[in-house]
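What follows is calculated from the coordinates using simple rules that are stated; it is not laboratory data. These numbers were taken from a predicted model, which means no experiment stands behind them. No Cβ is skipped: glycine too gets one built from the backbone with ideal geometry, and neighbour counts run over all protein chains shown.
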Amino acid sequence: MKRLLRILIIFTYLLLITHIGKYVLGFFYMDFLPFLFEFLLFFTYPFFFLIIMSLFCILIIKKKEFYSYLIHLLLVNMVFIIIFYTQLLSPLAFKIDFYLKLEERLKVVEMIQSENIKLMKDSDRYSLPEAHRWIADDGLVLKSGKDIIFIHDAGWGDNYSIIIYSPNNSKPTLDASYGDIVHINKIDTNWFFISFT
């Protein structure tokens, strides 16, 4: 039984590390697998936690020598639940991600404004050089008037988010083809974050 409890504790730590690792990998444009893993985990973890709670109730009554293992397992799972389901690390991870990529994005903005990067044929999209593709999801950069749009998270279905560089520092106005705006947030001078649904 002690071995089983140790395995469950280690497994929960791995879930926690994977969740945090998702943000770290995301900084380097390698976030697909962790996000896919979390998408599946979101629906399967409640069953895992139900098993843990059942085990907790049974052993706490019958075998008090396992008390310290059970408390450890319960605490680790509570930490995981709080971080995973509240997305507690998301705002911090977004800020880190934004400032890590800011210098490269400014280089791309300058290249677009000086027309060193051309629009793709019959499109409002730019094909970024391989060295710069990591600063936008799928390497997608678009232009709307004078505003330059970096796809932040291509998302699932119609849900996605963008980061916009506005040269005149004014709140961006986008046509309905981009989708329904959930919220607009100013990140920094000339930079805005917009999410759509």
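Figures for the structure shown
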quantity	calculated
5 angstrom amide H check on Lys143, placed H, neighbours 5+ away	Ile149
Whole-number D in µm²/s for the range 99-197 (Stokes-Einstein; Kirkwood sum over Cα pairs; 25 °C, 0.890 mPa s)	179 µm²/s
Approximate spin-label separation Lys143-Leu100, in nm, with each point projected 7 Å along Cα-to-Cβ	2.9 nm
Phi-based couplings in Hz for the range 136-145 (Karplus 6.51, -1.76, 1.60; Gly and Pro marked x)	9, 4, 6, x, 8, 10, 10, 10, 10, x
For the range 189-194, 3J(HN,Hα) per residue [Karplus equation, 6.51 cos²θ - 1.76 cosθ + 1.60, θ = phi - 60°, Hz, x = Gly/Pro]	4, 6, 10, 10, 10, 10
Charge dipole (debye, nearest 20) of the range 94-196; +1 at Cβ of Lys and Arg, -1 at Cβ of Asp and Glu	260 debye
Order of Asp153, Asp180 under a 10 Å beta carbon neighbour criterion, fewest first	Asp180, Asp153
Förster radius 30 Å - calculated FRET efficiency between Ser170 and Val79 (Cβ-Cβ, nearest 0.05)	0.10
Exposure proxy ranking, count of Cβ atoms within 10 Å, fewest first, for Ser54, Ser127	Ser54, Ser127
Length added when fully stretched, Glu130-Ile117, from 0.36 nm per residue minus Cα-Cα	3.4 nm
Cβ-derived FRET efficiency at R0 30 Å, Lys186 paired with Thr86, nearest 0.05	0.80
Ranking of Phe150, Phe196 by count of other Cβ atoms within 10 Å, fewest first	Phe196, Phe150
Net length gained if the chain between Leu50 and Tyr178 were fully extended (0.36 nm per residue, minus Cα distance)	42.0 nm
